[in-house]
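Step one of this worksheet: look at the structure below.
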C-alpha cells in the first residue's frame, strides 16, 4: 500500500511539471498522466506485448510439437547448417556455450538430434537433425526461431542500432538499480 502511495505522489508531481494525458488502465479506469508518464507506460505496454506474444507462441509450439520454442529454434538452426557444432549453435542463438550444450542434451534425449564426432578432429562434436526432429520441424508453426527473432530479422540496420543502443541504456539503468538495491547482477549476466 505504501508503494502505491509513493508512486501516485510521484505521478502527480510529474503531471504538475508538464502537460497531462488521459489513459485507461487494464481495468478501464481513466488515469491522468503526464507526457513522460504516458511514454513510460507505452514502453511498458510494448514490453508486455512482446513477452506475452512470445509466451503464447511458445505455448502453441508446445501444444503442436510437444517441445518448447527454444528447442524448436535450435532444431531449425541445426537443420539449416550442415554438421553444426555446439559452439556454432551457441553463437547463432546468442547463448552461453553451457546453455547451448544443455539444449543439445535435451534435443538428443528427445531423439530430435544426433551427435557425431568430426572425422578430422575427434574433439569436435557435430549435430545432425534426426528423422524424428525433421518431422517435428515440419509440424511446427513458423517462424521456427520465434516471433521476436523473426521481427528482429526484418528490421533495418539503422533501426537495430537504435534499438540496441536504447536497450543497452535500459539494461545499464536496471543494473545500477539492482546493484544499489540488492547488490545483485541482472539475470543472464
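Some notes on this structure:
- Taking label positions 7 Å along the Cα-Cβ direction at both residue 139 and residue 172, the computed distance is 4.7 nm, reported to one decimal.
- Sites residue 162 and residue 87 - FRET efficiency at Förster radius 25 Å, r taken between beta-carbons, to 0.05: 0.25
- Diffusion constant of the stretch 33-144 at 20 °C, which comes from Stokes-Einstein with the Kirkwood Cα-pair radius and 1.002 mPa s, µm²/s: 138 µm²/s
- For the peptides 106-115, 90-99, the ranking by mean Cβ contacts within 10 Å, running from highest to lowest, is 106-115, 90-99.
- Segment residue 97-residue 154, extension gain: residue separation times 0.36 nm, minus the distance between their alpha carbons: 17.9 nm
- Full extension of the chain between residue 116 and residue 63 yields a length gain of 16.1 nm, computed as 0.36 nm times the residue separation minus the alpha carbon distance.
Bear in mind that the values in this text are calculations on the coordinates, not laboratory data. These numbers were taken from a predicted model, which means no experiment stands behind them. Cβ sites come from the backbone with ideal geometry, for glycine too, and all protein chains shown count toward neighbours.
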